[in-house]
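Every number here is computed from the coordinates shown, using simple stated rules; none is lab data. Just so it is clear, the structure is predicted and the values come from calculations on it, not from any experiment. Backbone-built Cβ (ideal geometry, glycine too); neighbour counts: all protein chains shown.
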Amino acid sequence: MATIYSNPSTTIFREVDNTIEAPGQRAPLVVGGRNFTSVTDVVTDVNLKPAPLGWYIGFACAVTMLGVYLTSVAYLLTTGVGVWGNNNSVDWAFDIINFVFWVGIGHAGTLISAILYLFRQNWRTGINRFAEAMTIFAVVCAGLYPALHIGRVWCAYWLFPIPNQMAMWPQTRSPLWWDVFAVSTYATVSMLFWYVGMLPDLATLRDRTKSRVAQVAYSVVSLGWTGSCRHWHRFERAYLLLAALATPLVLSVHSIVSFDFATSQVPGWHTTLFPPYFVAGAIFGGFAMVLVLAIPAREWFGMKDIITIRHIDNCAKVMLGTGMIVSYSYAMELFIAWYGGNHYEQAEFLFRAKDGPYAFSFWCLIFCNAVVPQLLWFKKFRLNPWPLFLIANIGNIGMWWERFVIIVQSLNRTFLPSAWRLYWPSYVDLAMFAGSFGLFFTLFLLFCRFLPIVAMAEVKSIMPEAHAHHKEPHKQTADQAAGDFRPDEHHKPVRH
Amino acid sequence: MTTLTTPHHGDIPHESNTIPSTGIDAPVVVGLCAEYDDVTAVLEAAEKVRDAGYRHWDVYSPFPIHGIDAAMGIRPTILPWLVLCMGLTGCVFGISMTAWINAFAITMPKPFDWVNLQGYQFLISGKPIWSIQANIPVIFECTVLFSALTAVFGMLLLNKLPMLYNPLFKLEMFRRATSDRFFIALDAGDARFTHEGAKELLESTGALKIETIED
Amino acid sequence: MINLPLGYARKIAGAMLLSERNGAIGADVGYDTFSLRTSRAMWSIAGAKITNTGKTADVASTQGHHIIEPLGFDVREAALGKKEEGGMIVHESTLAAFIKNPKAPHNHSEKLIPLQLFPEPYAHAAKRPGGPTGFNEPHAWGMTIDMNACVGCSACMVACQAENNVPIVGKDQVIETRSMHWLRIDRYYKSSGETFEEKLSDPTPQITYQPMMCVNCENAPCEQVCPVAATVHDAEGLNTMVYNRCIGTRYCANNCPYKVRRFNYLDFQSRIPGEFKKPWLGIPDTQQEESVDKIKSLVFNPEVTVRMRGIMEKCTYCVQRIKNVTNHRRIEWLDGKREKVTVDDFDVITACQSACPAEAIVFGDLNDPESLVSKQQSGARSYQVLQELNNRPRTQHLAKLRNPVKEPGEASQEKAGTHGAPTA
């Protein structure tokens, strides 16, 4: 239930549920009587007021985990991939599981900023900034894994087509090489998208901060943005173009990641279902992560008026929809294994669901990704942030198990029974995985502290008073505009 | 409203942007800035300024205002065409790069024999040396990368950013341009600009406040 | 009754005699059972008492992990077939069935469908101007492994290890299933009975040995996935491995259906087996130079690269031996001392082939129709393991034929032929 203050001066409160769909009316996406000024205030206060104690505690924890990560990486680099648990049958394990896991999480941000932008989903404005930040940090965590997983990390630059006198070139048929391009292009474009969208908000911080150091810093990064409408014109066009480019890009990235598996002939990998299945899974996992970050953030940073319950509700609906697509994919994989009649494929899926040493992981994933999300059919679960927080966490765990199932289960029993091997992670594997969360949260907490976590300019542009059609003699305030939303009186004509 | 320290400079109609300087420290009036607190007001004001025939002027707002392009008479940007061109370039780049590194075997003639255009021509899994199927992902990514870089850096270039110095930043009230206020600034370099005329025009639009921009 | 093996334990052995540092490998392995043996009872002790010490010991095995368990038994049975019948991977039959129908060993494999995404792959490549010298020129190397002849003695494994500088990884790494042998001898057991318990209690299980190393697929699945072209085909059909190009993505090993690629997870050559996985703080490429024992390095075959950590390795049909011979033959041919540039049959002998006491491994030029390997590959028993994947392996296995002893009264099959089956 979002509280709508019908008039702050008279302190009359009216509770309005902005998750109700009222025909002919737009549900307010900014509530609590916010106007331009107070939106700016609430967002910039996060950056300009002293950080709360909780931030320092969280940051200390994150940096400690980052230390664990860096220590494991140092041990890995100086000793060899043998510090992990991988073996000669399961050559990829935690490294690629975590790569795909993080890249998957990194899909929601660009989906929100690009695809929802093209579809004119205005609710994206409340969450797109930190979802994009989440994307970039997740891609950083992801990109490090394939770079570190190779045996000779110091030769990683051989993956890039750098002209050289020895005519050493990459091999273009390899899906790993496609990955190099897909992930680096995705990281670059996401970064550009994020930064360009942030320019006006960085200028806001520049204009509001009192500290000289911050002023200089924000001046430099905001490139002298003035808010000129001639600039806005090109800015909007560039943003639209980026959205149009990022939409196929975001779909292509996880498709290409899935080609790593789908173009190989390992039973359990070799399937044409993978690209859409991976993309849907990525969006499911990404939105789960958005909820995991958004639910505490709106509580702690006082953003409940901007990241309203409607935003949470919408994310939960996306999770439900994509969760159904992945559930369908799990079923379809099993069906095709049976229907396709390939002996090895059938065996692989028997092991996966019934006989194999890792069958528990398959049922883990079914529980987390197919069963638990069904709760989201009920509005009660979608609108209660903390149960939803739990469901989202379970979804993330399920997505990790999905990659475990695909990678370890398929590799541990391939064609020749003589090469069947078990895999168990070593403590370095576990430390690096835990540590990668340290890296992620370190970056994320720094972002929360120093960069605008809500796209203020975009939020303002979807507020009712951003449109010039209110021509009443007395100026209508945001409070009244929000107060206009009366879903219980649907059939009244809309006031202008 | 601040007092004008050198009001006479504003009265001189300037044919160009070259502003006569009276001394090293003396501020020069480079324009006039009006503040509004409402989208409707600034839109109507922009229409008036446009109709008055001004060319060097601008509206500043904390977010893109719907309909301001028409109100100001802004013509569509060429950015999409730049992006299209660079996207196609990226596509061609992707095709030629993959073809070069896996399929070319060009020996350069004598003076240029230090240029190595040898690619890898290996027998790989019984597959063709180069095929479109195997290279679509990379060609696509190159296309997107080139386009996206053009969209961003083209936008910055056309907007003449980064430009860290701007006389507008000297106005205290302009700090709210990125938060909750709207501004119209008329450039003294405009052929129609006279200090009095511009001020009259802005006052007629119902501006909350009008200040001189000095440099 | 408990059987104890004799002679598999060492108190002191191996390189310890040369250097104390590298001595760990042969010393203190296994359990000494000679102490139970007395001159009165050389082979058996009656009335011995067994007590539980409460101690546990890890058992390292290069294969057979969880083979003795019901999981996946149906799958294995499909792969191996029932007793005296062939399966998808192990082709075999009885001699009588083979004489009646020469295709009997292959009955249970899937039919080969010659479906090719890219038709005539190498013909196109060979005709390309400016490219490599062509394909299958002048030789087309191939190998056969006769599962009928193989006795599972592992001499080929040891020969390969010595020839190709294959590192010794130690017990701890074998437990982590990182053994490095390029050549392994897969043992498959079959027993009769309906249920798993019945199968386990079969007193006469049948054993099939299937030596397995890189089969040098023509459509090698490992090659297309390498992002740096560290594994490519050469003109004579070898699936080559370029060690100093490899960056160790391990994708090739994942995509290898035979699982014959071996990754250097640690710097095994400079590591003392069993010790803690020690970091190397210097430049990685100098690790071996600085830390491999100088005496140990005398053991290495100078013609084969000693691989560092982080790279993939595998069987390449002893490419160093091939090059040695073909280079000499080419020089002789250029000098006019030879009629042809190609080698004679048995000119090139791989390490495993030279060590095999049963002559189960034959290597040679498939371009030469008179070579033994050509004859064997066109024979009735020859088949490609996992041929349904259309990898077109250059190594073919020869199906196993059994001639089981029958109950008295049944016609003896001895007169039907000798032990060896006809090859052509």
Note to self: Can you give me the angle between helix A:124-149 and the longest principal axis of chain A, using Cα atoms only, in degrees from 0 to 90, rounded to the nearest 10?
What the structure shows: 20
Next item on the list: With everything on Cα atoms, drop me the angle between helix A:36-48 and the longest principal axis of chain A, reported from 0 to 90° to the nearest 10.
Entry: 50
Next item on the list: Quickly work out the C:ASP32-to-B:GLU172 label distance, labels modelled 7 Å from Cα along the C-beta direction, and quote it in nm with one decimal.
Entry: 9.6
Note to self: Going Cα to Cα from A:LYS317, which aspartates and glutamates come in below 18 Å? Please leave out same-chain ones fewer than 8 positions away.
What the structure shows: A:ASP17, A:GLU21
Item checked: Extreme residue, positive dipole direction of region B:133-185, given options B:ALA151, B:MET163, B:ALA185 (C-beta unit charges) -> B:ALA185
Checklist line | Unit charges on C-beta of K, R, D, E only; dipole of region A:301-391, Debye | finding: 520
Note to self: Under 8 Å for C-alpha pairs, at least 6 residues apart: give me the relative contact order for region B:79-158, rounded to a whole percent.
What the structure shows: 47
Note to self: Nearest 500 deg cm²/dmol is fine: what mean residue ellipticity at 222 nm does chain A get from its DSSP H runs of n ≥ 4 alone, each adding -39,500 (n - 2.57), divided by its residue count?
What the structure shows: -20000 deg cm²/dmol
Notebook entry, point to check: How big is the gap, in Å, between the Cα center of region A:85-154 and the Cα center of region A:378-419?
Noted result: 16
Notebook entry, point to check: So what are region C:147-303's ellipsoid semi-axes, whole angstrom, largest first, if each one is the square root of 5 times an eigenvalue of the alpha-carbon gyration tensor?
Noted result: 33, 22, 16
Check: Between region B:162-214 and region A:242-266, how many Å separate their Cα centres?
Finding: 49
Notebook entry, point to check: Lys/Arg Cβ at +1, Asp/Glu Cβ at -1, dipole of the protein assembly as shown taken about the Cα centre: which of A:TYR328, A:ILE136, C:ALA235 is farthest positive-ward?
Noted result: C:ALA235
Check: Between A:PHE335 and A:LEU430, what FRET efficiency comes out of the Förster formula 1/(1 + (r/R0)^6) with R0 = 30 Å and r the beta carbon distance, rounded to 0.05?
Finding: 0.30
Next item on the list: Compute the normalised compactness of region C:58-416: alpha-carbon radius of gyration over 2.2 N^0.38 Å, N being the residue count.
Entry: 1.07
Margin query: Please state the shape class of region C:222-278: rounded when a/c is under 1.5, otherwise prolate if a/b exceeds b/c and oblate if not, all from the C-alpha gyration tensor.
Written below: prolate
Item checked: Kirkwood-based shape ratio for chain A, expressed as Rg/Rh from alpha carbons -> 1.00
Margin query: How long are the semi-axes of the equivalent ellipsoid of chain B, taking √(5λ) for every eigenvalue λ of the Cα gyration tensor, in whole Å from largest down?
Written below: 55, 21, 14
Notebook entry, point to check: Tell me, C:GLU197, C:GLU77 in order of fewest to most beta-carbon neighbours within 10 Å?
Noted result: C:GLU197, C:GLU77
Note to self: How far apart, in nanometres, would the label points at A:SER184 and C:GLU275 be if each is projected 7 angstrom from Cα along the Cα-to-Cβ direction?
What the structure shows: 3.8
Note to self: Viscosity 1.002 mPa s, temperature 20 °C: give me the Stokes-Einstein translational D for the protein assembly as shown in µm²/s, with Rh taken as the Kirkwood radius over C-alpha pairs.
What the structure shows: 62
Item checked: Cα-based reach from C:LYS11 at 30 Å (exclusive), listing lysines while leaving out same-chain residues under 8 positions away -> C:LYS49, C:LYS55, C:LYS171, C:LYS277, C:LYS278, C:LYS294, C:LYS296
Notebook entry, point to check: How far is the Cα center of region A:431-470 from the Cα center of region C:157-180, in Å?
Noted result: 53
Note to self: What does the C-alpha gyration tensor say about the overall shape of region C:267-405? Classify as rounded when a/c is under 1.5, otherwise prolate if a/b is larger than b/c, or oblate.
What the structure shows: oblate
Margin query: Just to verify a number: FRET efficiency for C:ASN136 and C:PHE196, C-beta to C-beta distance, R0 = 41 Å, to 0.05?
Written below: 0.30
Check: Ranking A:PHE367, A:PHE437, A:PHE99 by Cβ neighbours within 10 Å, fewest first, what do you get?
Finding: A:PHE367, A:PHE437, A:PHE99
Note to self: I need the helices of chain B that pass two filters: whole DSSP H segments spanning 24 Å or more by Cα along the axis, and mean Kyte-Doolittle score no lower than -0.5.
What the structure shows: B:79-103, B:132-158
Check: Between their Cα atoms, which of C:LYS103/C:LYS259; C:LYS199/C:LYS259; A:LYS210/A:LYS304; B:LYS127/C:LYS83 are more than 29 Å away from each other?
Finding: B:LYS127/C:LYS83
Notebook entry, point to check: What's the FRET efficiency of A:LEU77 with A:MET166 using the Cβ-Cβ distance as r and R₀ = 30 Å, to the nearest 0.05?
Noted result: 0.75
Check: Say the dipole of chain A comes from +1 at the beta carbon of Lys and Arg and -1 at that of Asp and Glu; which of A:LEU411, A:PRO200, A:ALA93 then lies farthest toward its positive end?
Finding: A:PRO200
Next item on the list: Equivalent ellipsoid semi-axes for region B:79-158, as square roots of 5 times the alpha carbon gyration tensor eigenvalues: give them largest first, rounded to whole Å.
Entry: 30, 18, 7
Next item on the list: Starting with the fewest neighbours, write out C:GLU163, A:GLU132 ranked by other beta-carbon atoms found within 10 Å of each beta-carbon.
Entry: C:GLU163, A:GLU132
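Can you pull the mean other chain C-beta count within 10 Å for peptide A:449-456?
Numbers: counts 0, 0, 0, 0, 0, 0, 1, 5.
Counting other chains' Cβ atoms within 10 Å and averaging over A:449-456 gives 1.
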Checklist line | Cα long-axis angle, helix A:53-79 against chain A (0 to 90 degrees, to the nearest 10) | finding: 20
Item checked: C:GLN396 long-range amide H proximity, modeled H, under 5 Å -> C:MET143, C:THR144, C:ILE145
Notebook entry, point to check: To the nearest 20 debye, what is the magnitude of the charge dipole of region A:15-128 about its Cα centre, counting +1 on the Cβ of each Lys and Arg and -1 on the Cβ of each Asp and Glu?
Noted result: 260
Note to self: Nothing charged except the Cβ atoms of Lys and Arg (+1) and of Asp and Glu (-1): what's the magnitude of the dipole of the protein assembly as shown about its Cα centre? Round to the nearest 20 debye.
What the structure shows: 1580
